[in-house]
Amino acid sequence: MGKAHVAMPRVKSNDLRNRKPVPCPKCGHRFIDRALSTVIKIIALLEYSQAEPDLYAKCYNCGTELGIRKLG
Ligand SMILES: [Zn+2]
């Protein structure tokens, strides 16, 4: 993180400042970004029945399906 030089498509600096990477709970790979003001909870597949996710995503690193619940 920080000022490491990584080959990535150019993104307006404004965009990155307003995002927070959310790591996959299983492998730690960044699988989604959230807005700074957005509070989310990552829900594992087995917990779907207890906490209904608003969104579903799949980590493309380890293949784990994850639910995302928006809390605010
Ligand atoms: Zn993963």
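Read-outs throughout are calculated quantities, based only on the coordinates presented, and are distinct from any laboratory measurement. All values reported here derive from a predicted model rather than from experimental measurement. Please note: Cβ atoms are built from the backbone with ideal geometry, for glycine as well, and neighbour counts cover all protein chains shown.
Database remark: amide H of residue 66 closer than 5 angstrom to the amide H of 57, 58, 59 (H placed geometrically; neighbours at sequence offset of 5 or more, or on other chains; Pro and chain starts carry no H). For the peptides 57-66, 41-50, the ranking by mean Cβ contacts within 10 Å, running from highest to lowest, is 57-66, 41-50. For segment 10-72, the extents of the C-alpha atoms along the principal axes are 38, 27, 14 Å, listed from largest to smallest.
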